[in-house]
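No lab work stands behind these numbers, since they all come straight from the coordinates. Keep in mind the model is a prediction, meaning the values are calculated, not measured. Cβ: placed from backbone, ideal geometry, glycine included. Neighbour counts: every protein chain shown.
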Amino acid sequence: MTATSVGPASPGSGPEGQVRGALARSSPRVGERIIEAVMAGAAGLSVLVTAGIVAALVVPLFTFFANVSPIEFLTGTSWTASFGDKYSWNKDWGVLPLVSATFMATGIALLVAIPLGLGIAMFLSEYAGGRLRRIVKPVLELLAGIPTVVYGFLALTAITPLLQPLLGIPNIYNLLVAGIVMGFMIIPTIASLSEDAMSAVPQVLRQGSFAVGANRRVTTVRVVFPAALSGIIAAIVLGLSRAVGETMILAVAGGNLARLTGDPRDEAQTMTAFIAQIASGDAPQGSPVYYSLFAVGALLFVITMIINVISIRLVRRYRQAY
């Protein structure tokens with residue numbers, strides 16, 4: 001009797017191949033389609049909101065720059081929009097005093113927030129026990145929910161009188177204290193996101209560092225920190241963006257005197273403080289100072305966009321996949 005030879009089964013034959021083929025031919029579930037549609041709608045909504053902001057700024061900008069030279073606006077060192085006749089274009093429209101005060105206050109805030117925020121993140125990620133982390137991190141994040149106007153009044157009524165004799169601050173309104181308080185405001189943002197990035201570093205990297213004789217400090221600084229650098233940069237840039245756009249702390253504690261100064265102990269007005277002052281009804285609609293509100297807002301929008309573009313490039317450059 002002749003034996004019948006049996007060849008190898010084809011990849012699509014058999015129960016497992018039939019199941020895989022059926023799954024490949026099946027259409028996505030309705031729930032997945034709904035989730036995809038919701039996420040696409042959220043992404044599209046953000047684009048529409050950004051486009052709406054730009055559209056709202058365009059017409060007032062044309063009116064403003066039809067009467068004020070863009071070069072004068074960007075390079076002038078005197079800003080007198082709030083003084084004199086509000087319907088007169090015969091003013092100084094140099095925005096540099098507002099820009100310099102904004103970056104000075106932001107720099108002070110980052111000098112406070114970056115060391116403290118990263119130190120807290122390292123402690124929670126590498127040193128604190130699980131129980132302590134579960135207690136400290138929610139309490140830390142609770143600080144982010146405090147209204148910024150509360151921080152502003154705290155700076156004005158408590159911290160400034162305390163630091164005035166120590167630092168020789170001549171005025172109750174000053175950028176130094178406003179920047180310090182703003183730094184404490186953004187500490188939760190930097191600390192929480194940096195801790196998340198450091199906790200996401202694979203445990204095998206820490207074990208490898210310990211295996212070659214490194215202690216916990218060296219492992220944290222030379223292994224975990226560089227591995228989480230992209231997330232840490234993103235956290236710092238997010239804190240920077242929030243500091244640049246902060247309004248109430250600077251409006252309450254920084255002052256409303258627009259002047260170009262290099263001393264943070266002086267009173268000065270930031271871009272956001274000027275916007276808050278004008279938007280609160282200080283200028284009639286259709287007046288030159290009203291149109292200057294949109295010019296300052298557009299400049300703040302551009303600065304924030306530049307910061308975000310730079311941050312995206314930095315995050316992509318230092319991103320590491322595990």
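Charges on Cβ only, +1 for Lys and Arg, -1 for Asp and Glu, centred on the Cα centroid of the range 44-178; of Pro147, Val95, Met122, which one is farthest towards the dipole's positive end? Of Pro147, Val95, Met122, it is Met122. Quick one: Debye curve from the alpha-carbon atoms of the chain only, equal weights, vacuum; give me log10 I(q)/I(0) at q = 0.12, 0.16 Å⁻¹ to two decimals. Here the Debye-derived log intensity ratios amount to -0.97, -1.31.
Build a GNM of the chain with springs between Cα atoms under 10 Å apart, and of Ala144, Ala51, Ala81 the one that fluctuates most is Ala51.
Based on Cα contacts under 8 Å between residues 6+ apart, the chain shows a relative contact order of 24 percent. Could you estimate the translational diffusion coefficient of the range 200-322 from the Stokes-Einstein equation, with Rh from the Kirkwood formula over C-alpha pairs, at 10 °C and 1.306 mPa s, in whole µm²/s? D, rounded to a whole number, is 89 µm²/s.
When only the Cβ of Lys, Arg, Asp and Glu is charged (+1, +1, -1, -1), the dipole of the range 96-318 relative to its Cα centre reaches about 960 debye. Potential lengthening of the chain between Val309 and Arg133 amounts to 60.1 nm, from the contour at 0.36 nm per residue minus the alpha-carbon distance. Here's how it looks for Ala228: its modeled amide H is under 5 Å from none belonging to a residue 5 or more places away or on a different chain.
With the Kirkwood sum run over all distinct C-alpha pairs, the range 121-278 has a hydrodynamic radius of 17.6 Å.
The orientation-averaged projected area of the convex hull spanned by the Cα atoms of the range 213-271 comes to 6.3 nm². Build a GNM of the chain with springs between Cα atoms under 10 Å: which of Tyr151, Tyr291, Tyr127 gets the top mean-square fluctuation? Fluctuation is largest for Tyr127. Applying the Kirkwood pairwise sum to the alpha-carbon positions of the range 148-225 produces a hydrodynamic radius of 15.6 angstrom. Any idea what diffusion coefficient the range 40-160 gets from Stokes-Einstein, in µm²/s, Kirkwood Rh on alpha carbon pairs, 4 °C, 1.567 mPa s? For the chosen part, D equals 67 µm²/s.
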